[in-house]
1. Can you grab the distance from the C-alpha centre of region 372-397 to the C-alpha centre of region 400-451, Å, no decimals?
2. Net charge within 13 Å of LEU160 by Cβ-Cβ distance, Lys/Arg positive one each and Asp/Glu negative one each, not counting LEU160 itself?
3. If I stretch the segment between ILE19 and ARG465 completely, what's the gain in nm (0.36 nm per residue apart, minus their alpha carbon distance), one decimal?
4. So how much slack lies between GLN12 and SER76, counting 0.36 nm per residue of separation and subtracting their Cα-Cα distance, in nm?
5. Hull surface divided by four, with the convex hull built on the Cα atoms of region 140-237: how many nm²?
6. Provide the FRET efficiency to the nearest 0.05 for the SER26-LEU458 pair, computing r from the beta carbons and using R0 = 41 Å.
7. Report Rg (one decimal) and Dmax (nearest whole number) for region 371-446, counting Cα atoms only, units Å.
8. Which of ASP265, ASP287, ASP410 has the fewest other C-beta atoms within 10 Å, and how do the rest follow up to the most?
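We did not get these values from a lab; they are worked out from the coordinates using the rules stated. Here the structure is a predicted model, which is why all the values come from computation and not from measurement. For neighbour counting, all protein chains shown are included, and Cβ atoms are generated from backbone atoms with ideal geometry for every residue, glycine included.
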Amino acid sequence: MVSEKFRSQLQQESKKWQIQGFIDESLYQALSERYRFGDLEPAANLRFISLIIGIGCILLGLGVITFVAANWQHLSRLLRIILLMSVFISVNAAGFYFWQCRPVQGGWQKLGKGFLLTGALILGANIALMSQMFHQSRPGYELYWVWGVGVLAMAYSLRLISLGILAWMLISIGYLWSNFAPLLGGTMATDWINTLHGHMGLIFGVMFVPLAYLCQSRTIFALAAISFAVAMPYGISVRLDYISAPAWLIACIIILPTALLWTYDSHNWRFRQRPHHHRSGVAKLTDPFQSVARSLSIWCLGPLLYSLSFRGLWQSTGTPTEIAQVWQPSWHYLDLLGYILLASLGWLRLSWPLLRFRVPQQKWVNSGLIASCLVLTGMMMSYEQLQHHLIAPLLFNVMLFILAIALLHDGLILGKRRTFWGGMGLLILGIVSRMLEYNTDLILKSVVFMLCGIGVILAGLVFERRFQHIQPSLPSSSQE
């Protein structure tokens with residue numbers, strides 16, 4: 001689907017073409033009908049209305065909660081229950097009516113969505129107050145877990161992006177709170193919370209990835225992917241004994257988020273479907289969220305290479321991993337085995353067209369580069385013989401700078417600002433970190449800083465000048 005940004009740029013350019021005589025009125029009208037130029041300004045107005053209504057409904061919900069709390073002690077229990085349920089049902093009913101029964105007028109739809117968001121906030125207040133009335137004293141993070149699951153059910157039934165984002169925020173708050181509560185002097189997490197902690201990567205994916213497809217929301221998918229990339233290795237590491245765990249297991253945990261995100265494709269689950277190929281021989285990427293997953297995998301790989309590029313991590317006094325002496329597998333690692341099998345399946349499906357047709361790729365950040373970085377990282381983490389205090393940091397610095405240069409190249413060729421400046425930031429960060437890490441004099445450091453500053457300025461000018469001449473027909477959607 002063509003993005004609204006592209007449609008807006010095309011409208012501006014086609015209007016200039018019409019004024020300059022490159023196209024006639026009929027062609028401009030055909031473009032206007034094809035890309036719906038008339039819907040751009042109303043869509044912008046509706047976004048502003050949505051923002052205002054959203055803020056107003058949040059304040060309205062907080063006002064209702066505060067009003068009920070101010071008069072809470074003067075009401076009987078039955079009246080409290082009736083009041084809570086009446087407010088919750090009436091707000092959600094009004095929201096559903098304005099959202100679903102007045103579909104022609106966009107402003108009413110936005111108002112209905114705002115009321116539904118208010119109803120989701122009131123749901124949390126109802127849960128807390130009901131628990132207080134019936135003297136169910138539970139930790140605060142359990143409220144966020146239950147509240148988040150309830151809002152998630154509303155998001156699935158109504159297919160609203162705002163409710164999905166709110167559900168993610170609530171469950172994430174409950175997850176973080178239950179993890180760090182013991183460190184802050186709070187109560188220990190309950191048994192069922194501890195059980196969920198070890199599998200939160202899978203739980204985040206199961207909860208929010210199908211919702212992203214139902215809502216066609218890149219935001220929800222990105223949040224689910226980020227949560228998976230953080231919670232999956234953390235949940236496994238909590239149950240892992242680093243003293244007895246084999247080095248290859250630790251290496252797998254480290255590289256799995258990048259490997260899984262890069263190979264993500266919902267069509268991998270369709271075993272009976274044969275991959276469709278273009279004339280060039282490369283399989284067509286039809287998953288709407290694959291570009292998001294691949295972008296996140298790059299930003300998982302970059303910090304990983306940067307963190308392993310420091311010389312102090314590989315000193316002879318200690319290495320980041322130790323070879324196991326005794327290690328007993330457990331059923332707790334079944335989800336890890338599933339992740340490994342899923343990543344292997346994804347890489348096999350991804351490499352099959354490339355091995356068969358051997359088509360050269362224009363992008364430097366491609367599957368070959370990512371696979372090479374992951375394999376070398378896994379080998380360095382798994383074999384103690386390779387963990388030399390000179391070889392290991394040199395290799396990771398080389399991979400870091402290659403990734404940065406590849407991002408610069410792709411951003412410059414494709415005219416993608418985030419890719420270009422991401423590569424520039426990674427390159428500057430690597431250079432500055434090496435200068436600060438090694439014992440160099442102040443003169444050399446000052447020269448390097450000035451050269452980096454001049455390089456950033458020149459690179460920005462060159463990129464913006466080139467960007468003005470790049471007019472892609474459609475924005476690039478994936479990293480091959």
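1. Measuring centre to centre over Cα atoms gives 21 Å.
2. Result for the local shell: +3.
3. Computed gain between ILE19 and ARG465 is 158.2 nm.
4. Working: separation 64, 0.36 × 64 = 23.04 nm, distance 6.28 nm.
Answer, rounded to one decimal: 16.8 nm.
5. Here the figure is 5.7 nm², rounded to one decimal.
6. With R0 = 41 Å, the Cβ-Cβ based efficiency is 0.35.
7. When restricted to Cα atoms, region 371-446 yields Rg and Dmax of 15.0, 43 Å.
8. By the 10 Å Cβ count, ascending: ASP287, ASP265, ASP410.
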